[in-house]
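Enquirer: To start, I am sharing the structure in question, which I have written as structure tokens.
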Amino acid sequence: MNMGCPFVPQVRKGRGAGMLVRSDVISEISRHVQSMTDMIFSIKMRLGVEKPTDWRDIIGIINDMPLSHLTIHPRTASQQYAGELHTDEFNRLLEQSTNPVIFNGDIESPSQIDAIRESHSELNGIMLGRGLLKRPSVIAEWYQQREWTHAERVSHLLDLHEAIFEHYSKTLTGGDAQILSKIKPLWEYLGTEFERKAIKKIIKANSISGYRIAVMQLA
Ligand SMILES: Cc1cc2nc3c(=O)[nH]c(=O)nc-3n(C[C@H](O)[C@H](O)[C@H](O)COP(=O)(O)O)c2cc1C
């Protein structure tokens, strides 16, 4: 259940992260979850809408639900995707949750994975979003306990890009313009390892062949 989306029009309607301050709705959902024993649920949520303490009013209801896991992005909806992570509140929530907890937010390197695991032994997992797009090799690097060279990371990133490009080419039916409009926004994250000029060329490409040439020049 997505109680993490901070998109303002949704939050205003009490959806996504907006649900965090609707304990009546969460109570009703909880009753359904408890009765649907043939399904497994999980929740992804923020700490609150305006306040990082909003979660305190609903954690009891959440604890009544047998979740596979509860993933926490310790920001408020109004923070969107930047600003301080409320680690103190996260730690309190971790103590109070009876469900397995997964941490999410701003993890971008193998050493950050180690640091969060060392400081929070009670965690049941770590989730990466943007960090994984910026550095797709990060999990492999962590497993190997070795930071990869720039060339290794780039090669891995370009392999991922190739797989996504191929997938879009096979599955999208709206032609080249649709493929380009779907794949280009990824470069906001994939592009962090490269020079700004090279990424601009990719974003500006208005044909598949121009796009492919610009991407190839990164290797
Ligand atoms: C482009 C984008 C789309 C996202 N879409 C969703 C979504 O559909 N559902 C969700 O729970 N979180 C979504 N998120 C939030 C991420 O799952 C994650 O909680 C947030 O980015 C913080 O983690 P990170 O720093 O590892 O990226 C999205 C984030 C971004 C940047």
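Enquirer: Look through region 3-53, keep the residues that are touching a residue at least 12 places away in the same chain (Cβ under 8 Å) and in contact with a Lys or Arg (Cβ under 6 Å, 6 or more places away or on another chain), and return whichever of them is nearest to Glu89 (Cα to Cα).
Expert: Ranking the candidates gives Arg46 first.
Enquirer: Right, here's the next one. Can you tell me which residue among Leu94, Leu133 is near the ligand (Cβ under 10 Å from one of its atoms), surrounded by 15 or more Cβ atoms within 10 Å (Cβ to Cβ) and touching a residue at least 24 places away in the same chain (Cβ under 8 Å)? Outline the logic, then answer.
Expert: Details: Leu94 fails: near the ligand (Cβ under 10 Å from one of its atoms).
Within the list Leu94, Leu133, the selection yields Leu133.
Enquirer: Between residues in region 103-128 that are within 13 Å of the ligand (Cβ to nearest atom) and residues that are polar (S, T, N, Q), which pairs lie under 7 Å by C-beta distance while being six or more apart or on different chains?
Expert: Taking only residues 6 or more apart or on different chains, the pairs are Asn104/Thr71; Met127/Thr71; Met127/Asn104.
Enquirer: Of the residues that sit in region 154-182 and are within 20 Å of the chain's Cα centre (by Cα) and in contact (Cβ under 8 Å) with a residue 24 or more places away in the chain, which one is surrounded by the fewest Cβ atoms within 10 Å (Cβ to Cβ)?
Expert: Across region 154-182, the extreme among qualifying residues is Leu160.
Enquirer: Show me the helices (runs of 4 or more DSSP H) entirely contained within region 8-63 in which 1 or more residues are in contact with a strand residue (DSSP E or B) (Cβ under 6 Å, 6 or more places away or on another chain).
Expert: Values: elements: 8-12, 23-35, 59-63.
Result: 23-35.
Enquirer: Let me ask another. What single numbered condition from (1) more than 16 Å from the ligand (Cβ to nearest atom); (2) farther than 27 Å from Ala214 by Cα; (3) surrounded by 18 or more Cβ atoms within 10 Å (Cβ to Cβ) fails to hold for Trp142?
Expert: In the conditions (1) more than 16 Å from the ligand (Cβ to nearest atom); (2) farther than 27 Å from Ala214 by Cα; (3) surrounded by 18 or more Cβ atoms within 10 Å (Cβ to Cβ), Trp142 misses (1) alone.
Enquirer: Considering only residues of region 81-91 that are within 16 Å of the ligand (Cβ to nearest atom) and over 12 Å from the mean Cα position of the chain (by Cα), which is surrounded by the fewest Cβ atoms within 10 Å (Cβ to Cβ)?
Expert: Restricting to residues being within 16 Å of the ligand (Cβ to nearest atom) and over 12 Å from the mean Cα position of the chain (by Cα), the top hit is Ala82.
Every number in this text was worked out from the coordinates using simple rules, so none of it is lab data. In this text, all values refer to a predicted model and were calculated from it rather than measured experimentally. FYI the Cβ positions are ideal-geometry reconstructions off the backbone, even for glycines, and counts take in every protein chain you see.
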